[in-house]
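To start, the structure under review is shown below, and the notes come after it.
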Amino acid sequence: MINNNGDAGYLELFIGPMWGSISERWGRRPVIFIGGVIFCLSVMTFGMIVDAALSGNISVTMVLVLFVASRALFAFGAGAVTPASMALAADMSSRQMRLRTLSIMTAATSTGAIIGPSVSAFLAIYGLSKPFYFISLAGSLILLGALFLLPNSRPVSSENNIGYRELLKGKILFIATGSSFFMIGIYGMFSTLGFFVQDRFSLDPIEAVRTMGLGLMCAASATIFIQVFIISWIKVNPKLLIIVGIIFGLFSVVLIWFSQTIFIFFIAMLSNGIGQGLAMPAINTSLSLSAGSNFQGRVAGITTSTQAIAFLFAPASSVALYQLIGSGSFFVSSIIIILSLIIFIIMPSLDKRND
């Protein structure tokens, strides 16, 4: 689902590819462990900053500086874990099982995006900093288990000297570009959805938040169901899944745009969840299958970058468009998603070779 990285996205645009490349030299497990340690430290630091700010021991300016620094640290850690984990999953799966494996990984991320805010909201009752300490502790325990349970990647060939400029062409360029367009269109719609729901259905802020929450739950539930139960048994070309998923995503944006009842809004959100559930694992799989076994870390870095591009570009531009033309911003999102659909339709199909 949606993972709004905000300011951290600027760093992950470059850090993801850097760590992806490093994981091919050091192995996946060391990079996951290093990134995980940095992530846990950044979250714990964030909690300490909250405590210091609430106690009045530091100035407002210092609070802002420390928040930015902790977010940069967060991006540096998360930017290592994401591509290295994806590359390790690709290392451990055959080409035939790649879609199912990456789908489960995407579902795990979606599940965390749902459970995390819920747990944090509960823990915040006991103090605003408590969720950060809990996340840091939970992450440390998971990291400790991963240190002993995760295998390392297989050795990478010494001939693996191709840079990102040489790698990012052909089908990989098609997929990365189409993925960026799809996510920009979807995330752009989500960036203005709160304003739209309140304006279209004439809701007060509390009702709008409740309606948005139920809509997001519909989308997230559909995404997880598709990724865990549907993709696990269907056997079709990832390109077809991408196209069908994008069509569902496009339908959801158009349906929200013209929706006149909250029920239709929920149907649209359900369609959006189905679209993302089908398209995103298939896109990640297509990128993985388009690269040789020696380049899984780098191609996972490209995946991280395409997501960061969408996180950076979509929110600000979509909110500005909504202020100018209102719900007409959904038309712009639709056009961007259609461009993504065209790119994937003309993209050559993946070959059947083995790694």
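The values are calculated or read from the model by the stated rules, or taken from the named source; none is laboratory data. These figures come from a predicted structure and were not determined experimentally. Neighbour counts run over all protein chains shown; Cβ positions are idealised from the backbone, glycine included. In case anyone asks, the SASA skips ligands and DNA or RNA and just uses the protein heavy atoms, side chains included. Shrake-Rupley method; radii C 1.70, N 1.55, O 1.52, S 1.80 Å.
Values computed for the structure shown
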quantity	calculated
Selection status of PHE295, under 15 Å from the mean Cα position of the chain (by Cα) and open to solvent by 30 Å² or more (accessible area, probe 1.4 Å)	no
Residue in segment 216-227 that is open to solvent by 40 Å² or more (accessible area, probe 1.4 Å), closer than 18 Å to ILE184 by Cα and either part of a helix (DSSP H, G or I) or not basic (Lys, Arg) (or both) present	yes
Count of segment 2-46 residues which are modelled with pLDDT under 90, open to solvent by 20 Å² or more (accessible area, probe 1.4 Å) and of a type in the set (A, V, I, L, M)	3
Residue among GLY178, GLY194, GLY145, GLY139 that is of a type in the set (Gly, Ala, Ser), within 27 Å of ILE264 (Cα to Cα), modelled with pLDDT of 80 or more and in a helix (DSSP H, G or I)	GLY194
Residue pairs meeting the criteria (Cβ under 9 Å; at least 6 apart or on separate chains; first closer than 15 Å to GLY301 by Cα and acidic (Asp, Glu), in segment 15-40; second open to solvent by less than 10 Å² (accessible area, probe 1.4 Å) and in a helix (DSSP H, G or I))	GLU24/ALA87; GLU24/GLN296; GLU24/GLY297
Candidate set: segment 88-136, residues that are in a helix (DSSP H, G or I), under 23 Å from ALA53 (Cα atoms) and polar (S, T, N, Q); chosen: the one most open to solvent (accessible area, probe 1.4 Å)	SER120
Condition check for VAL253: modelled with pLDDT under 95, open to solvent by less than 10 Å² (accessible area, probe 1.4 Å), β-branched (Val, Ile, Thr) and part of a helix (DSSP H, G or I)	no
Residue within segment 266-286 that is in contact (Cβ under 8 Å) with a residue 60 or more places away in the chain and over 21 Å from the mean Cα position of the chain (by Cα) present	no
Test: residue in segment 342-355 that is open to solvent by less than 20 Å² (accessible area, probe 1.4 Å) and of a type in the set (Ser, Thr, Tyr)	no
